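The values are calculated or read from the model by the stated rules, or taken from the named source; none is laboratory data. Model, not experiment: these values are computed from the prediction. No Cβ is skipped: glycine too gets one built from the backbone with ideal geometry, and neighbour counts run over all protein chains shown. The accessibility values were calculated without ligands, DNA or RNA, using every heavy atom of the protein model including side chains. Shrake-Rupley method; radii C 1.70, N 1.55, O 1.52, S 1.80 Å.
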Amino acid sequence: MRLGIDTSGPWLSLGLVHGTGAPLHSVQLMAGRRHAELLLPELEALMKRTRVRKDQLTGVVTGTGPGSYTGLRVGLAAAAGIARGLGIPHYGADSLAAAAWPLLAEGAAAWITVDARRGNVYAGCYSRTGNELVTVAAPAKVPLAELTGRASDAGIPIVRAGPADATWLAMRAAAGQPPDAVYL
């Protein structure tokens, strides 16, 4: 069983995935700036609801951003503590890609954005082919006006990110990316 955690934005996303890669259950709730307060109680409730014991966890994958500095630190620190305490691996994965996954239909592409304040956005371009998500343009902090022009020229829509899909994150454990935060 693998656990996915994302706290990079205003949403708290948690997800559990079977070792086979099949999603078991996920939780997404608007946390605002309360990730530190909500993460562990919500995780405990998720584990209880799904009857998954902590000794059944085989890995933790954390959304690495880009996003809120404090939110990223809360998620990464909690995941590192869980992984170290249980003696299981801890990996990272792109939070914008995790938000793109539920938004993109087969064959679709889009710029996925999160507000970065002062007229800027964190943006990454992704396309979906079958069960694969391809990063067309890696996440970057760009002025929204510049991105609007670039997206219009390429005919690729801009979509505001919702909550990251934490089950998608948990499935990324096989990729083995380090859990290093992306601070742009």
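Return the residue satisfying two criteria in turn: it lies in the range 140-168 and is in contact with a helix residue (DSSP H, G or I) (Cβ under 6 Å, 6 or more places away or on another chain) and under 15 Å from PRO66 (Cβ atoms), and of such residues it is surrounded by the fewest Cβ atoms within 10 Å (Cβ to Cβ). The extreme case among them is ALA161.
With the structure loaded, tell me whether ALA181 is of a type in the set (A, V, I, L, M), within 29 Å of ARG118 (Cα to Cα) and either modelled with pLDDT under 95 or in a helix (DSSP H, G or I) (or both) or whether it fails that test. Yes; evaluated as a whole, the condition is true for this residue.
Hey, does the range 5-18 have a residue that's more than 15 Å from GLY75 (Cβ to Cβ), free of Cβ contacts under 8 Å to residues at least 60 places away in the same chain and buried (at least 18 other Cβ atoms within 10 Å of the Cβ)? Lay out the reasoning, then the answer.
If we filter the range 5-18 for residues that are more than 15 Å from GLY75 (Cβ to Cβ), which is where we start, we get 16-18.
If we keep only those that are free of Cβ contacts under 8 Å to residues at least 60 places away in the same chain too, we end up with 18.
Restricting the remaining residues to those that are buried (at least 18 other Cβ atoms within 10 Å of the Cβ) gives none.
Within the range 5-18, none of the residues are more than 15 Å from GLY75 (Cβ to Cβ), free of Cβ contacts under 8 Å to residues at least 60 places away in the same chain and buried (at least 18 other Cβ atoms within 10 Å of the Cβ).
Which ones in the range 147-174 are in a helix (DSSP H, G or I) and either aromatic (Phe, Trp, Tyr) or over 13 Å from THR62 (Cβ atoms) (or both)? I'd like the intermediate steps shown before the answer.
Applying the first criterion (in a helix (DSSP H, G or I)) to the range 147-174 yields 147-154, 166-174.
Residues satisfying the conditions are LEU147, THR148, GLY149, ARG150, ALA151, SER152, ASP153, ALA154, THR167, TRP168, MET171, ALA174.
I'd like the residue in the range 94-139 that is polar (S, T, N, Q) and open to solvent by less than 20 Å² (accessible area, probe 1.4 Å) and, out of all such residues, is farthest from LEU169 (Cα to Cα). Give the derivation first.
Of the residues in the range 94-139, the ones polar (S, T, N, Q) are 95, 113, 120, 127, 129, 131, 135.
Next, only the ones that are open to solvent by less than 20 Å² (accessible area, probe 1.4 Å) stay: 95, 113.
Details: SER95: 8, THR113: 18 Å.
Taking the candidates together, the pick is THR113.
For the range 28-48, enumerate the residues that are open to solvent by less than 70 Å² (accessible area, probe 1.4 Å), closer than 20 Å to ALA80 by Cα and in contact with a Leu (Cβ under 9 Å, 6 or more places away or on another chain). First the steps, then the outcome.
Restricting attention to the range 28-48, the residues satisfying the condition of being open to solvent by less than 70 Å² (accessible area, probe 1.4 Å) are 29, 31-32, 35, 38-39, 42-43, 45-47.
Those left that are additionally closer than 20 Å to ALA80 by Cα: 35, 38-39, 42-43, 45-47.
Within the range 28-48, HIS35, LEU38, LEU39, GLU42, LEU43, LEU46, MET47 qualify.
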